[in-house]
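Since the structure comes first, as structure tokens, the remarks are kept for the end.
Every number in this text was worked out from the coordinates using simple rules, so none of it is lab data. Please read all numbers here as calculations on a predicted model, not as lab measurements. All Cβ positions, even for glycine, are placed from backbone atoms using ideal geometry, and neighbour counts span all protein chains on display.
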Amino acid sequence: MAIYRIKITMADGSRGRYTGIFVDGIEAIVQTLADFPEARSVAALFIRRAGA
């Protein structure tokens, strides 16, 4: 698991970001698109491996 910073741009131009723990960057983006289907843009930035 790893920590990712997710940046979202919505269709109306508003922006948001959050940090989450995901298996990889693809999962981070797919999950974000499932949570925000109206998003125009989603980016996932790797921060670090999640420690136990």
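Let's see if you can work this out: charge +1 on each Lys and Arg Cβ, -1 on each Asp and Glu Cβ, no other charges. What is the dipole magnitude of the chain about its Cα centre, in debye to the nearest 20?
Roughly 300 debye for the chain.
Could you work out the relative contact order of the chain, using alpha carbon pairs under 8 angstrom and six or more residues apart, expressed as a whole percent? Numbers along the way, then the final one.
Details: 94 pairs, mean separation 25.9, N = 52.
Answer for the chain is 50 percent.
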